[in-house]
Amino acid sequence: MPRRRLRHGGITVLAALLLATSPGTAAAAAPGDGIGDPYFPTYGNTGYDVAHYDLRLGYTPRTDRLTGTATLVAEATEDLDSFSLDFLLDVDSVRVNGKAADAERSGEHKIVITPARPIAEGGRLTVVVKYADVPSTVQWGDGSLTGWNRTPDGAIALGQPEASWWWFPANDHPRDKATFDVAITVPEGTSAVSNGVLTGETTRAGRTTSTWRQDEPSATYLATLAIGGYETHEDETASGLPVYNAYSDGLGSLAGPAKASIERGEEIIGFQEESFGPYPYNAVGGVVAGPAADLGFALETQTRPVYSHAFFARGSNTYVVAHELAHQWWGDHVSVAGWQDIWINEGFATYAEWMWSEEEGEGTAQELADYTYHLYPEDDGFWKVAPGDPGPENVFHPAVYDRGALAVHALRQEIGDDAFTELLTTWQEEHAHGNASVAEFTALSEKISGRDLGDLYDAWLYTPGRPALDTAAASAV
Ligand code: ARG
Ligand code: ZN
């Protein structure tokens, strides 16, 4: 059993603080307040904007010990006496712009950093955090939440809406996107996969370092790290993008169906480009975790979604691949402004499965809408959750996915295919590598279609209860 070390918000004075004398003055926005997400008010931080994360990590599967040097290249967006980062692991030292800085733990998942000198608004902020810990022993909240999934041969860093806390310090909110370099050193013979392009692999003294570069902006929860025994497939798409797929050695007989699904990614992306616009990144791929990771879900980690083995238990499953690849546009390229906007991610990723089904000749979008509408009886609790504002406890409720996709279908029926495709591609262009809200989406849809869609959105996104059939989407069966 792992050592339980629940963190309760008591202030831990770190080593760096012992060397300093100044107590630090109050910051403009109280560090630890969060970036202002209505669902997760403590997530993310104010006062700065990260442009780039450089992570140099070392990991030993046998002990689950992770060591790191994280360098954040950021800019102050207000005058700063101090600022906070989201992070749960033990920190050894922090430097800001070259000088030792005070660091203390605050709240449940923050460290508050007080630089030797205040930083003026617009000033550069280079933050170097050195750390070492055993992530699987670090639990949060009631202990059920972790972004670190340890396996006998490694670990997978993965989670939503929070994941980075267990492996790198961050401004952990999708509103602050940044580019990433990840250098990960593991015992020779172990694989280590992250996002973007593999730029190098070198082995010295029995340890192998892989360097991964994600040079399009990424939300912090979309960064991942998968370490362990993997069979890796490197390839190139017809348009020259590097493909990097990794299959856990633990898949056994599921390796076949997993490959039969993941290796169709390029074809699925080609199909999705017709509706969503050009694929937004310069690398593609996927990671299939083994049973030991016990993930139970898939996640759209940028350029390299991670899939639970369980999706392939009954043969190939290209629907989950279509879902996670659709998220590369819906969630990754255009990210939520706040977590209350989750419908834009999950509604469209689920609808993308229906579109792919139609393309595959396995059931039209209309047939799947009809099926889904009638799947849940009118008095089913499913209909109580309004996907347009599901509440923080329901961001991954089936209603956000299935009713969310029904909402997309209702919209498509109402405005027609041409306006629908124009809306989707315009949305991607207007918010490229940025963030946007449901309100911005509904406004754009009305602008492009020239229709008042208020009743449609009220019925499908905001009103608890099963919408009537005459609000489109499904036909009676
Ligand atoms: N965005 C993911 C998907 O639907 C959901 C992952 C939710 N699960 C979790 N444990 N955070 O593809
Ligand atoms: Zn999803």
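The values are calculated or read from the model by the stated rules, or taken from the named source; none is laboratory data. Note that the structure is a prediction, hence the values are computed from the model and not measured. Neighbour counts run over all protein chains shown; Cβ positions are idealised from the backbone, glycine included.
Looking at ALA74, ALA16, which one is of a type in the set (A, V, I, L, M, F, W, C) and either in a loop (DSSP other than H, G, I, E, B) or modelled with pLDDT of 95 or more (or both)?
ALA74
Please work out which one of (1) over 29 Å from ASP86 (Cβ atoms); (2) crowded, with 21+ Cβ neighbours inside 10 Å; (3) touching an Asp or Glu at 6+ places or on another chain (Cβ under 6 Å); (4) not β-branched (Val, Ile, Thr) is the condition GLY228 fails and give its number.
(1)
Within region 266-323, how many residues turn out to be of a type in the set (S, T, N, Q), within 16 Å of ligand 2 (Cβ to nearest atom) and free of Cβ contacts under 8 Å to residues at least 60 places away in the same chain?
So the answer is 2.
Sort out which residues of region 143-191 are among the polar types (S, T, N, Q) and either assigned to a strand (DSSP E or B) or in contact with a strand residue (DSSP E or B) (Cβ under 7 Å, 6 or more places away or on another chain) (or both), and write them in order of number.
Of everything in region 143-191, those that are among the polar types (S, T, N, Q) and either assigned to a strand (DSSP E or B) or in contact with a strand residue (DSSP E or B) (Cβ under 7 Å, 6 or more places away or on another chain) (or both) turn out to be THR146, ASN149, THR151, GLN160, SER164, ASN171, THR179, THR185, THR190, SER191.
Could you tell me whether THR60 is within 30 Å of THR151 (Cα to Cα), surrounded by fewer than 23 Cβ atoms within 10 Å (Cβ to Cβ), touching a residue at least 12 places away in the same chain (Cβ under 8 Å) and out of contact with any Ser or Thr (no Cβ under 8 Å at 6 or more places or on another chain)?
In short, yes.
With within 22 Å of the chain's Cα centre (by Cα) and surrounded by fewer than 16 Cβ atoms within 10 Å (Cβ to Cβ) as the only criterion, which of GLU353, GLU393 stands out?
Sole residue among the options that is within 22 Å of the chain's Cα centre (by Cα) and surrounded by fewer than 16 Cβ atoms within 10 Å (Cβ to Cβ): GLU393.
Restricting the first residue to region 370-381 and requiring it to be assigned to a helix (DSSP H, G or I), which pairs with a second residue that is acidic (Asp, Glu) and surrounded by 16 or more Cβ atoms within 10 Å (Cβ to Cβ) meet a Cβ separation below 8 Å and a spacing of at least six or different chains?
Listed by first residue and then by second, the contacts come to THR372/ASP402; LEU375/ASP402.
Check ASN282 against each of (1) within 25 Å of ARG56 (Cα to Cα); (2) part of a strand (DSSP E or B); (3) more than 16 Å from ligand 1 (Cβ to nearest atom); (4) not hydroxyl-bearing (Ser, Thr, Tyr) and name the one condition it does not meet.
(2)
Kindly indicate which of PHE297, PHE311 is outside any loop (DSSP other than H, G, I, E, B), within 12 Å of ligand 1 (Cβ to nearest atom) and aromatic (Phe, Trp, Tyr).
The unique qualifying residue is PHE311.
Report, by residue number, each residue of region 204-241 that is small (Gly, Ala, Ser) and either free of Cβ contacts under 8 Å to residues at least 60 places away in the same chain or assigned to a strand (DSSP E or B) (or both).
Correct list: ALA205, GLY206, SER210, SER218, ALA226, GLY228, ALA238, SER239, GLY240.
Restricting the search to region 146-175, which residues are within 16 Å of ligand 2 (Cβ to nearest atom), at pLDDT 95 or above and among the aliphatic types (A, V, I, L, M)?
LEU158
Identify all residues within region 387-441 that are touching a strand residue (DSSP E or B) at 6+ places or on another chain (Cβ under 6 Å) and either among the β-branched types (Val, Ile, Thr) or in a loop (DSSP other than H, G, I, E, B) (or both); write none if there are none.
Listed by number, the residues that qualify are HIS431, HIS433.
Does ALA326 fit the bill of being among the aliphatic types (A, V, I, L, M), in contact (Cβ under 8 Å) with a residue 40 or more places away in the chain and within 16 Å of ligand 1 (Cβ to nearest atom)?
For ALA326, the condition - among the aliphatic types (A, V, I, L, M), in contact (Cβ under 8 Å) with a residue 40 or more places away in the chain and within 16 Å of ligand 1 (Cβ to nearest atom) - is met.
Does region 368-381 hold any residues that are over 16 Å from ALA468 (Cβ atoms) and either touching a Ser or Thr at 6+ places or on another chain (Cβ under 8 Å) or of a type in the set (A, V, I, L, M, F, W, C) (or both), and which are they?
Once the filter is applied, which keeps residues that are over 16 Å from ALA468 (Cβ atoms) and either touching a Ser or Thr at 6+ places or on another chain (Cβ under 8 Å) or of a type in the set (A, V, I, L, M, F, W, C) (or both), region 368-381 yields LEU368, LEU375.
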